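Read the figures in this text as sums done on the coordinates, not as results from a lab. Note that the structure is a prediction, hence the values are computed from the model and not measured. Because the Cβ atoms are built from the backbone with ideal geometry, glycine has one as well, and the counts that use them run over all protein chains shown.
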Ligand SMILES: [Zn+2]
Ligand SMILES: [Zn+2]
């Protein structure tokens, strides 16, 4: 499908301004809100699957044009697609085309969380808060993950033989060595926690 006129004009204009030959622009529609895109430098194409949200179409197209204008650097055999060079261009394009910083942070940051770090470095409005907010969320998630869950509630250990081993009959934990010797002398209590 032919790209809409605004998209073709946008790509041609940006490439002309940068002195870069324009890509072949491929365009198709999807019945969803968000758009997605892919840039293939070797094939010379920028392909956009356009969702229904106009702003997202524009942001996605500009994102891909930024890839086209700023080929990803390779470092130790790895290609960095969304590094600082990329975002220096992408964020400038978004701003030049009137996409509010808050929208950029929400959309770009939602897809590529690392974008928030670059947005902060490049001084987008609200990036500092968005970056801190995400860090807090990650910390909170890690904290919740680390909190131990009780697998078996606290109980009095009841030793039973299991072949050549001794186990606690309540939770099944194998009891060995000094702990076994101690539990044989006097009763003890168990609680089984899981982390992770
Ligand atoms: Zn990208
Ligand atoms: Zn037990």
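Dividing the mean sequence gap of close Cα pairs (under 8 Å, 6+ apart) by how many residues segment 149-194 holds gives a relative contact order of 52 percent. Treating each Cα of segment 1-74 as an identical point scatterer and summing with the Debye formula, the log10 of I(q)/I(0) at q = 0.15, 0.17, 0.23 Å⁻¹ comes to -0.44, -0.57, -1.01.
Percent of C-alpha pairs per 5 Å bin in segment 93-196, short distances first: 2, 11, 15, 12, 8, 6, 5, 5, 5, 6, 8, 7, 5, 3, 2, 0. Evaluated at q = 0.23, 0.24, 0.25 Å⁻¹, a Debye calculation over the C-alpha positions of segment 53-106 (equal weights, vacuum) places log10 I(q)/I(0) at -0.84, -0.89, -0.95.
I'd like the distance separating the alpha-carbon centroids of segment 118-196 and segment 1-74, in whole Å. After rounding, the separation between the Cα centres reads 48 Å. For the chain, the longest principal axis of the alpha carbon atoms and the long axis of helix 84-96 meet at an angle near 50°. Which of these, 81, 29, 155, has the largest mean-square fluctuation under a Gaussian network model of the chain (Cα springs below 10 Å)? Of the options given, 155 has the highest mean-square fluctuation. Calculated over segment 149-194, the projected area of the Cα convex hull averaged across directions stands at 3.1 nm². Each principal axis of the Cα cloud of the chain was evaluated for its coordinate range; sorted largest first, these ranges are 86, 39, 35 Å.
Report the calculated FRET efficiency for residue 121 and residue 28 (r = Cβ-Cβ distance, R0 = 45 Å), to the nearest 0.05.
0.85
Based on the Cβ-Cβ distance of residue 169 and residue 147, what FRET efficiency does E = 1/(1 + (r/R0)^6) give at R0 = 35 Å, to the nearest 0.05?
On the way: r = 28 Å, r/R0 = 0.80.
That gives a FRET efficiency of 0.80.
Angle of helix 101-111 to the longest C-alpha principal axis of the chain, folded into 0 to 90 degrees and rounded to 10: 60°.
Extension gain for the segment residue 180 to residue 106, taken as residue separation times 0.36 nm less the Cα-Cα distance, is 21.0 nm to one decimal. Computed from Cα atoms, the angle from the helix 127-146 axis to the main principal axis of the chain rounds to 20 degrees.
Per DSSP helix of 4 or more residues, -39500 (n - 2.57); summed, then divided by the residues of the chain. What does that give at 222 nm, rounded to the nearest 500? Computed mean residue ellipticity for the chain: -14500 deg cm²/dmol.
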